[in-house]
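The values are calculated or read from the model by the stated rules, or taken from the named source; none is laboratory data. Keep in mind the model is a prediction, meaning the values are calculated, not measured. Cβ: placed from backbone, ideal geometry, glycine included. Neighbour counts: every protein chain shown. Surface areas here come from the heavy atoms of the whole protein model, side chains and all, with no ligands, DNA or RNA. Shrake-Rupley method; radii C 1.70, N 1.55, O 1.52, S 1.80 Å.
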Amino acid sequence: DRFWADIHEEWNEINLEEDEDIYYEKLDTFYLKYQDQFVTDYAATNPEEDIAESWSFFVFGTQPDGDSIAEQKVLFFYQYPELVELRLQILNNLCESFPG
């Protein structure tokens with residue numbers, strides 16, 4: 001609700017489009033319109049992918065300033081100490097698995 005409330009209805013109209021070419025054209029337009037709200041263009045395909053992409057940026061990226069809605073989505077995860085700890089565990093395990 002925090003990040004999709006204002007755009008969900010517009011996205012849902014696109015999501016109901018049955019013609020694949022028109023669907024992707026509308027989705028591209030939607031992404032360009034709200035580009036500052038998504039960490040990637042793929043994140044604009046649906047709310048589930050948006051949170052998945054934001055999670056990836058949280059785990060593998062640096063902590064953003066929060067200057068855009070996309071960055072605020074990444075910062076959302078930092079509110080939860082257990083997720084910050086999980087992030088550190090994931091990164092440590094990756095480093096151990098792929099020593100430089």
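Assorted remarks:
- Nearest 10 degrees, 0 to 90: helix 81-97 Cα axis against the chain principal axis: 70
- Once the C-beta distance of LEU91 and GLU17 is scaled by a Förster radius of 41 Å, the resulting FRET efficiency is 0.55 to the nearest 0.05.
- Relative pair counts by distance (%), Cα atoms of the chain, 10 Å bins: 15, 40, 26, 14, 4
- Probe 1.4 Å, all protein chains present, accessible-area order of GLU20, GLU10, largest first: GLU20, GLU10
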